[in-house]
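Peer 1: First the structure, which I've put down as C-alpha cells, then a few questions once you've had a look.
The values are calculated or read from the model by the stated rules, or taken from the named source; none is laboratory data. Since the structure is predicted, the reported quantities are computational estimates derived from the model, not experimental observations. Positions of Cβ are generated from backbone atoms using ideal geometry, with glycine treated the same way; all protein chains shown enter the neighbour counts. These accessible areas exclude ligands, DNA and RNA; they are computed on the full protein's heavy atoms, side chains included. Shrake-Rupley method; radii C 1.70, N 1.55, O 1.52, S 1.80 Å.
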Amino acid sequence: MAYNNIGPDGCRELAGALAGLKHIESLNLIGINMGPDGCSALAGAFSALVLLRNLHLSRNATGPAGCRSLAGALSRLTLLQSFSLAKNNIGPDGCKTVAEAVSQLTLLQCLDLHGNLIGNGGCIALSQALSELTMLVDLRLNDNSIGAGGCAALAGALSRLTKLENFDLVWSWSLDAPI
C-alpha cells in the first residue's frame, strides 16, 4: 500500500478491510496521505491486529492529533517489534503521546521517529519511555531539533538500552531549542 495517495476516505475503507485480516503481521502504510482523520479511522482497526509485528506509518502528515488517535491502538499491539512514524510532523505533543503508548511495547526492537521536530519536550518524554524498551536495537531520532535538555535526558536513557546497536541522531541538534 505504500505511496498510494488514498487519503482519509481510503483509510476509512481500508479500516473496514483490515477488520477481516486478524492474522496480518506486517503493515506498510508509508505515504498514503492519511492525515489525522485517516489515522483516526485506522486506529480502531490497528487495535484488532493483535499479531502485528511491523507497523510503518511514515510520511502521512498525522500530526499530534493523529498520535492521539493512534495511542490507544498502539498500547494493545503487544507483539509489535518495529514501529515507524517518521516524517509525520508530530512535534513535542505528539511525541509525548506516542512515548506513553510505546512504553508498553516491551518487545519493540526498532523505533523510528525521525523528521518530526519533537524538540526537547518530546525527547524528554521519549527518554522516560525508553527505560521500558529493553529489547530496542534500533532507535532513529535524526532531524528532530533537539537541544541540550533533550540530549541530557536521552543520555541517561541510553545507558539502560543494553541491546541498542543503531542510534541515529544526525541533524537533530538545535542551538535554538530551549533547554
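Peer 1: Please determine, by comparing only the residues of segment 22-41 that are more than 24 Å from R140 (Cα to Cα) and in contact with a helix residue (DSSP H, G or I) (Cβ under 9 Å, 6 or more places away or on another chain), which one is surrounded by the most Cβ atoms within 10 Å (Cβ to Cβ).
Peer 2: Within segment 22-41, the match that is surrounded by the most Cβ atoms within 10 Å (Cβ to Cβ) is G38.
Peer 1: Residues in segment 46-62 that are at pLDDT 95 or above and open to solvent by 10 Å² or more (accessible area, probe 1.4 Å): how many?
Peer 2: 7
Peer 1: Pairs only if they're at least six apart or on different chains, beta carbon under 6 angstrom, first in segment 18-46 and hydrophobic (A, V, I, L, M, F, W, C), second part of a helix (DSSP H, G or I) and open to solvent by 50 Å² or more (accessible area, probe 1.4 Å); list them, first residue then second.
Peer 2: Final answer for the pair search is A41/R12.
Peer 1: Additional query: Is at least one residue of segment 92-102 under 12 Å from the mean Cα position of the chain (by Cα) and basic (K, R)?
Peer 2: yes
Peer 1: Scan segment 64-90 for residues that are in contact with a helix residue (DSSP H, G or I) (Cβ under 6 Å, 6 or more places away or on another chain) and open to solvent by 10 Å² or more (accessible area, probe 1.4 Å) and jot them down.
Peer 2: P64, A65, R68, S69, A71, S75, R76, N89
Peer 1: Specify which of the listed residues (C110, C95, C67) is farther than 22 Å from V137 by Cα and out of contact with any Lys or Arg (no Cβ under 7 Å at 6 or more places or on another chain).
Peer 2: Result: C67 is the single residue among C110, C95, C67 that is farther than 22 Å from V137 by Cα and out of contact with any Lys or Arg (no Cβ under 7 Å at 6 or more places or on another chain).
Peer 1: Moving on. Just wondering, is there one or more residues in segment 111-126 that are outside any helix (DSSP H, G or I), on the phi < 0 side of the Ramachandran plot and open to solvent by 10 Å² or more (accessible area, probe 1.4 Å)?
Peer 2: yes
For (1) open to solvent by 30 Å² or more (accessible area, probe 1.4 Å); (2) at pLDDT 95 or above, each residue gets a yes or a no:
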residue: D93; (1), (2): yes, yes
residue: A129; (1), (2): no, yes
residue: V137; (1), (2): yes, yes
residue: A155; (1), (2): yes, no
residue: W171; (1), (2): yes, no
residue: L175; (1), (2): yes, no
residue: P178; (1), (2): yes, no
